[in-house]
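Data block below; observations after.
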Amino acid sequence: MNKSSLLILCIVFLFSCSKDKVESYPNINCNQEVSFSQDVLPLINQECTGCHDNQNGYSLTNYENISANSKAIIGAMRANNYQLMPQGGPMLPDSVIQLMECWVNQGKPNN
């Protein structure tokens, strides 16, 4: 391996080791605990996995992938620096998006 390849590998490794920061969504009223298995996963299964089940870039079929991509999921649901999803719209109801935001605010528990 030459020096430039080693340098690139080290840079990629360095930037890939950051902890997943919990994005906070202020102004969201989270009155109840959001359950991943009862609330988030069924929502993702209904609205997202028709396209995002190991195809088209994102695999949103399990806790690890949903948790790791939560910022992008919410961004796409709100069309905030991401393409609106579900593709072709319409935007999901605000209450559904807020459910995801509450789950993230609560630390993305695997419950």
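Cα atoms only, region 48-111: Rg and Dmax in Å?
Reported Rg and Dmax, both Å: 11.4, 31.
Add +1 for every Lys or Arg and -1 for every Asp or Glu among the other residues with Cβ under 13 Å from the Cβ of I44, and state the total.
Working: positive: K108; negative: D39, E47, D53, E64.
Local charge sum for I44: -3.
Can you give the relative contact order of region 48-111 as a percent, counting alpha carbon pairs under 8 Å and 6+ residues apart? Please list the in-between numbers first.
Numbers: 46 pairs, mean separation 12.5, N = 64.
With pairs under 8 Å counted, the relative contact order is 20 percent.
Only Cα pairs under 8 Å and at least 6 apart count here; give the relative contact order of region 30-81 as a rounded whole percent. The partial results should precede the final answer.
On the way: 23 pairs, mean separation 10.5, N = 52.
Reported relative contact order: 20 percent.
Values quoted throughout were computed directly from the atomic coordinates according to the rules given, and no laboratory measurement underlies them. These numbers come from a predicted model, not from an experiment. All Cβ positions, even for glycine, are placed from backbone atoms using ideal geometry, and neighbour counts span all protein chains on display.
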